[in-house]
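The values are calculated or read from the model by the stated rules, or taken from the named source; none is laboratory data. Quick caveat: nothing in here was measured; it's all calculated off a predicted structure. We place every Cβ from the backbone using ideal geometry, glycine too, and count neighbours over all the protein chains shown.
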Amino acid sequence: MIVAGGSGRRIGGPVRKQYLEIDGIPVLLRAVIPFLTDPRIHQVVVVLPPDDVEAPPSWLASLPVRIVAGGGERGDSVRNGLAAVEEEIDFVLVHDGARPFASPGVIERVLDAAPHAVIAAVPVTDTIKQVDADGTIAGTPDRARLWHAQTPQGFPRAGLVRAYERAREDGAAATDDAALYERYVGPVRVVAGSYRNLKVTRPADMTVAEALALAPEAGEGE
């Protein structure tokens with residue numbers, strides 16, 4: 001499931017960020033293609049903003065994907081996507097449509113972890129500070145235990161559906177599917193992601209993405 005149901009306006013400009021082009025290829029198209037080429041993936045669901053579902057971009061409409069409408073919040077978009085997954089599929093990968101560089105190696109590692117719930121992630125390289133509301137540093141966590149969460153994230157379908165059902169009952173929201181799974185279902189493991197697996201959020205990210213698109217993929221750890 002590729003989740004691109006948000007407005008994509010935080011980056012600024014008239015074009016949603018998932019449709020911006022990196023070296024001539026839309027962000028969302030770059031996010032979708034690696035999943036279409038993996039032989040172990042049987043269905044690809046793409047969640048779009050509701051306004052775009054009736055007339056999706058031609059480059060997306062021509063692909064063998066199922067397109068569904070997102071909701072008001074990210075959790076609503078994931079629920080809609082889960083409802084569109086074919087019944088026989090019992091393990092689901094959720095990927096952010098604003099991450100255009102998920103490599104085949106990262107996807108394989110998430111799939112290899114099935115049936116365990118798992119996320120792609122990379123170790124934190126910066127020193128992290130915990131800060132109070134008034135701006136005072138309250139602590140410095142040991143960065144050896146800290147990881148940057150990425151997508152794709154993989155889950156047993158039944159467990160992820162249960163997590164979202166419980167979250168709706170409790171009125172709980174989360175920007176990370178693994179956080180809900182941890183809260184309502186059980187442990188989630190980590191597999192190696194990639195420092196190339198950038199999320200496009202700010203205008204500066206597009207500059208970095210252009211550079212990554214032109215740079216050779218030297219290794220998963222970069």
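What to note about this one:
- Among (1) over 19 Å from Lys199 (Cα atoms); (2) out of contact with any His (no Cβ under 7 Å at 6 or more places or on another chain) - the single one Val106 does not satisfy: (1)
- Among residues of the range 89-114, those that are surrounded by fewer than 19 Cβ atoms within 10 Å (Cβ to Cβ), farther than 16 Å from Val45 by Cβ and in contact with a helix residue (DSSP H, G or I) (Cβ under 9 Å, 6 or more places away or on another chain), counted: 2
- Condition check for Arg74: under 17 Å from Ala174 (Cβ atoms), at pLDDT below 95 and basic (Lys, Arg): yes
- Pick from the range 170-210, criterion modelled with pLDDT of 95 or more and of a type in the set (S, T, N, Q), ranking: farthest from the chain's Cα centre (by Cα): Thr207
- Exclusive hit being surrounded by fewer than 17 Cβ atoms within 10 Å (Cβ to Cβ) and touching a strand residue (DSSP E or B) at 6+ places or on another chain (Cβ under 6 Å), set Ala84, Ala61: Ala84
- Filter result for the condition that a residue is of a type in the set (D, E, K, R), out of contact with any Phe, Trp or Tyr (no Cβ under 9 Å at 6 or more places or on another chain) and more than 23 Å from Ser194 (Cβ to Cβ), over Asp38, Asp76: Asp76
- Taking the criterion of being in contact (Cβ under 8 Å) with a residue 60 or more places away in the chain and either assigned to a loop (DSSP other than H, G, I, E, B) or surrounded by fewer than 17 Cβ atoms within 10 Å (Cβ to Cβ) (or both), the residues of the range 173-189 that qualify are Ala173, Ala174, Thr175, Val185, Gly186, Pro187, Val188, Arg189.
- Sub-7 Å Cβ pairs linking a first residue in the range 50-76 that is aliphatic (A, V, I, L, M) to a second residue that is surrounded by fewer than 14 Cβ atoms within 10 Å (Cβ to Cβ), at least 6 apart or interchain, are Leu63/Leu36, ordered by first then second residue.
- Qualifying residue in the range 51-62 (condition: of a type in the set (Gly, Ala, Ser) and touching a Pro at 6+ places or on another chain (Cβ under 8 Å)): no
- Residue match in the range 122-140 (condition: out of contact with any strand residue (DSSP E or B) (no Cβ under 9 Å at 6 or more places or on another chain) and part of a helix (DSSP H, G or I)): no
Results for (1) exposed (fewer than 12 other Cβ atoms within 10 Å of the Cβ); (2) of a type outside the set (D, E, K, R); (3) under 16 Å from the mean Cα position of the chain (by Cα), shown as yes or no for each residue.
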| residue | (1), (2), (3) |
| --- | --- |
| Val3 | no, yes, yes |
| Gln18 | no, yes, yes |
| Arg30 | no, no, yes |
| Ile33 | no, yes, yes |
| Pro49 | no, yes, yes |
| Val65 | no, yes, no |
| Gly75 | no, yes, yes |
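- Test: residue in the range 181-201 that is closer than 20 Å to Ala83 by Cβ, out of contact with any helix residue (DSSP H, G or I) (no Cβ under 8 Å at 6 or more places or on another chain) and not polar (S, T, N, Q): no
- Here the condition is being in a strand (DSSP E or B) and either at pLDDT 95 or above or hydrophobic (A, V, I, L, M, F, W, C) (or both); of Val68, Val32, Val15, it holds for Val68 alone.
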